[in-house]
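The values are calculated or read from the model by the stated rules, or taken from the named source; none is laboratory data. For clarity, every value in this text was computed on a predicted model and none was experimentally measured. Heads up, the Cβs are rebuilt from the backbone with ideal geometry, glycines too, and the neighbour counts pull from every protein chain shown. Just the protein is used for accessible areas: all its heavy atoms, side chains included, with ligands, DNA and RNA removed. Shrake-Rupley method; radii C 1.70, N 1.55, O 1.52, S 1.80 Å.
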Amino acid sequence: MALLEVENLQTNYGAIKALRGISFMVEEGQVVTLIGANGAGKSTTINTITGLLKPVSGSVRFMGQDITGWRADRVTKLRLIQVPEGRQLIANMSVMENLTIGTHIRRGEKIDEDLANIFTRFPRLNERRTQKAGLLSGGEQQMLAVGRALMMRPRLLMLDEPSMGLAPLLVNEVFQIIAEIKAQGIPILLVEQNARKALQIADYVYVLDRGQIVNQGTAEELRSDPAILSAYLG
Ligand code: ATP
């Protein structure tokens, strides 16, 4: 049994068929990445898994449990945690408040310890712990969004375009952090337009095109596939 099993998932926005029946899996300890162009359906996939969107058909199973169509707050309680595209921090709350805002689902266990770990891993967040999130730079906001997700002790972390809008140096930093999270054994579903970077870190890759999975394989296989090279690695 895989940790996450998505089967024949279809999601529409009114008449627009954004997901046309996609199937994929994430196993324990893996980094799985979904790559694809703008509008391929990557965000729709994550948002359907976390309950922000309702599928018209298909299923999502997490840890063996059918969670299809569950409300987002219920999905979060399973510690299936999303770092949304655009980060969605609370701009007028401090770094500290943003980090602790979701932790009520953990009933107080070891929250201070985890917070200390986050501040060790992200020294810049530590320096700015009392600053309002809205005043952070783009890179710092991305770190904060990832830090906030880690505070939920995710069983599966889903990252939606973590490198979006960041300067190359910061993109490297974000991927370095993803590598550290992977090394810690936290499984990751990574959605990225930056296929080159995503393929460096992924164990397994699915290629999404107009709502369908058109290719899949190990990162190694896809890195040497001429069609992938020309379409996604330019
Ligand atoms: P991006 O990198 O732009 O986020 P994506 O691969 O994540 O791309 P989605 O955002 O999932 O793609 O979009 C999939 C399809 O659904 C696209 O055709 C998009 O135009 C459409 N779509 C997305 N959100 C909406 C919406 N709120 N209303 C209508 N159509 C939408």
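Using the beta-carbon distance between Ile90 and Asp112 and R0 = 22 Å, what value does 1/(1 + (r/R0)^6) give for FRET efficiency, to the nearest 0.05?
Here the calculated transfer efficiency is 0.60.
Report the GluC sites (Glu not before Pro) located in region 106-211 that are in a DSSP loop and have at most 10 other Cβ atoms inside 10 Å of their Cβ, or state none.
Listed in order of number, the matching sites are Glu109.
What figure in square angstrom, to the nearest 10, would you give for the accessible area of Ser137 with a 1.4 Å probe?
Near enough 50 Å² of accessible area.
Are there trypsin sites (Lys or Arg not before Pro) in region 144-220 that DSSP marks as loop and that have at most 14 other Cβ atoms within 10 Å, and which are they?
Those satisfying the criteria are Arg210.
Please compute the per residue accessible area over the chain with all protein chains in place, 1.4 Å probe, rounded to a whole number of Å².
47
Taking 0.36 nm per residue of sequence separation and subtracting the Cα-Cα distance, how much length would be gained by fully extending the chain between Ser137 and Ala167, in nm to one decimal?
Separation in residues times 0.36 nm, less the Cα-Cα distance, equals 9.7 nm.
Give me the distance in nm between label points sitting 7 Å out from Cα along the Cα-to-Cβ direction at Gln193 and Ser23, one decimal.
In this crude label model, Gln193 to Ser23 measures out at 3.1 nm.
Which entries in the list Lys54/Lys77; Lys17/Lys42; Lys132/Lys182; Lys17/Lys54; Lys77/Lys132 go over 20 Å, if you measure between the two C-alpha atoms of each?
Where the Cα-Cα span goes over 20 Å, the pairs concerned are Lys132/Lys182; Lys77/Lys132.
Would you kindly calculate the translational diffusion coefficient of region 1-122, applying Stokes-Einstein with the Kirkwood radius from alpha carbon pairs, for 37 °C and a viscosity of 0.692 mPa s, and quote it in µm² s⁻¹ without decimals?
D, rounded to a whole number, is 202 µm²/s.
When the distances between all Cα atoms of region 91-153 are binned every 5 Å from zero, what whole-number percent does each bin get?
4, 21, 34, 24, 13, 4, 0
Let me cross-check Phe119: its accessible surface, 1.4 Å probe, with only protein heavy atoms counted, in Å² to the nearest 10?
20
Leaving ligands, DNA and RNA out of it, work out the accessible area of Asp203 with a 1.4 Å probe and give it in Å² to the nearest 10.
60
From the alpha carbon gyration tensor of the chain, can you work out the equivalent ellipsoid semi-axes (sqrt of 5 times each eigenvalue) and give them in Å, largest to smallest?
Here the semi-axes work out to 28, 21, 16 Å.
For region 3-26 and region 38-57, what is the separation of their Cα centres, given in Å?
Measuring centre to centre over Cα atoms gives 7 Å.
On a full-extension model of 0.36 nm per residue, what is the gain between His104 and Ala15, subtracting their alpha-carbon distance, rounded to one decimal in nm?
28.2 nm
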